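Every number here is computed from the coordinates shown, using simple stated rules; none is lab data. Just so it is clear, the model here is predicted, and its values are computed rather than measured. Every residue, glycine as well, gets a Cβ built from its backbone with ideal geometry; the counts of neighbours run over all protein chains shown.
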Amino acid sequence: KGKRAFIAGVADDNGYGWAIAKSLAAAGAEILVGTWVPALNIFETSLRRGKFDESRLMPDGSLMEITKVYPLDAVFDNLDDVPEDIKTNKRYAGSSKWTVQEVAESVKQDFGSIDILVHSLANGPEVSKPLLETSRKGYLAALSASSYSYVSLLKHFLPLMNPGGSSISLTYIASEQIIPGYGGGMSSAKAALESDTRVLAFEAGRKHKIRVNAISAGPLRSRAAKAIGFIDMMIEYSKANAPLQKELSADEVGNTAAFLASPLASAITGAIIYVDNGLNAMGIGV
Ligand code: NAI
């Protein structure tokens, strides 16, 4: 029987979430996505108008099907969390049931269960500020959108995940090494995400037989990365210094996610897997 995946954090065809969806679809999985509420309209319109058709092309020549797109804002766990200004915001008022708990309930109602959960989202409003200039509010917002959002997603989706299932998030090496420019508490958020990957692997493994891993990905020119401002420099740096001197393709991360979600990875949990052309292994640039 085919597996079903829910991928949170797909709003265009440039990011890691899209590439992961494609690799999972190519491996036979049914694809559900969670799209940030403010980005939902453009994403659905573009999908409908065929703007992504070229990127939907899979190795066998067919087009990736997305069975359903759910509006999602992963900084809110349930309606009690949502402040008045968001509730009445035009972009939010046009959709409903987009808190994490409500999305999990909707997926359960629509499909009963899933096998694969992917968290491919992050947000740090002060990412361009050095940590020393980051406000408490900005720091906590980065942690809320980029780290706790994963704890919350897994917590609410676990009850509908089939035993043997797999959960994957995306992290970045700035969690463990100094990457100037990855600021606003985003380096802290990724450190939390990686630590949580281990603890969640224990809890979800013991309780539900679910594996929990993270992919530490190299630089990709996604929408989120362009907002940080130094992505072209990071791609150049990697090409110049990594053991494999090529640009990283999002598909290489997608294929690793498909492996981690498959029975081929049945003993891998609590792991941070580097998909970065080996850059993490370098001590100095040469
Ligand atoms: P992306 O822009 O394709 O994905 C980020 C997504 O997060 C967007 O679709 C955005 O709408 C969504 N999002 C933001 N706040 C949200 C919220 N509150 N609720 C729901 N969705 C929300 O960019 P990218 O780069 O593919 O990011 C995916 C993951 O990969 C992130 O965790 C990022 O930190 C990670 N990553 C990216 C690298 C890169 O160079 N692009 C390198 C290593 C990790």
Q: Show which lysines lie in cross-link reach of LYS190 when reach means a straight Cα distance below 26 angstrom and same-chain residues fewer than eight apart are skipped.
A: LYS22, LYS129, LYS137, LYS155, LYS207, LYS209, LYS226, LYS239, LYS246
Q: Starting at the first residue of segment 128-145, write each ³J(HN,Hα) from the Karplus equation 6.51 cos²θ - 1.76 cosθ + 1.60 with θ = phi - 60°, in whole Hz, x for Gly and Pro.
A: 7, 9, x, 4, 5, 10, 7, 7, 4, 5, x, 4, 5, 5, 4, 5, 5, 6
**Q.** Segments 105-111, 84-90, 18-24, 258-264 sorted - mean Cβ within 10 Å per residue, highest first
**A.** 18-24, 258-264, 105-111, 84-90
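Below 22 Å Cα-Cα, how many Lys pairs turn up in segment 67-124? Only count pairs eight or more apart in sequence, or on different chains, if you could.
Details: LYS68/LYS97; LYS68/LYS108; LYS87/LYS97; LYS97/LYS108.
Pairs that pass both the separation and distance tests number 4.
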Q: Could you list which residues have their amide H under 5 Å from that of ILE66, counting only those 5 or more apart in sequence or on another chain, with H placed in the peptide plane?
A: none
Q.
Of PHE259, ALA93, PRO159, which is farthest towards the positive pole of the chain's charge dipole, taken about the Cα centre with +1 and -1 on the beta-carbons of Lys, Arg and Asp, Glu respectively?
A. PRO159
Q: Report, by chain and number, residues whose modeled amide H sits under 5 Å from the one on VAL275, excluding near sequence neighbours (fewer than 5 apart, same chain).
A: SER216, ALA217, GLY218
Q: List, in order, the whole-Hz ³J(HN,Hα) value for each residue of segment 71-85 obtained from phi through the Karplus relation with A = 6.51, B = -1.76, C = 1.60 and θ = phi - 60°; use x for Gly and Pro.
A: x, 8, 10, 7, 8, 10, 7, 7, 4, 4, 7, 7, x, 4, 5
Q | Cα centroid separation, segment 269-286 to segment 23-68 (Å) | A | 29 Å
Q) Ranked from highest to lowest mean number of other Cβ atoms within 10 Å per residue, what is the order of the peptides 2-13, 266-277, 222-233, 120-131? A) 2-13, 120-131, 266-277, 222-233
Q.
Compute the distance from the alpha-carbon center of segment 141-211 to that of segment 107-128, in whole Å.
A. 11 Å
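Please report the orientation-averaged projected area of segment 199-274, defined via the convex hull of its C-alpha atoms, in nm².
Numbers: hull surface 24.9 nm².
Mean projected area for segment 199-274: 6.2 nm², to one decimal.
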Q.
Taking 8 Å as the Cα distance limit and 6 or more residues as the minimum spacing, I'd like the relative contact order of segment 1-160 as a percentage.
A. 26 percent
Q: May I ask you to evaluate 6.51 cos²θ - 1.76 cosθ + 1.60, the Karplus curve with θ = phi - 60°, for each residue of segment 223-228 and list the ³J(HN,Hα) values in order in whole Hz, giving x for glycine and proline?
A: 4, 4, 5, 5, 5, 6
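Using only Cα atoms, what is the ratio of the radius of gyration of the chain to 2.2 N^0.38 Å? Walk me through the intermediate numbers first.
Values: Rg = 18.1 Å, N = 286, 2.2 N^0.38 = 18.9 Å.
Normalised Rg, Cα atoms only: 0.96.
So what is the 222 nm mean residue ellipticity for the chain from helices alone, if each DSSP H run of at least 4 adds -39500 (n - 2.57) and you divide by all residues, rounding to the nearest 500 deg cm²/dmol? Write down the numbers at each step before the final one.
On the way: 12 runs with 116 residues, N = 286.
That calculation yields -12000 deg cm²/dmol at 222 nm.
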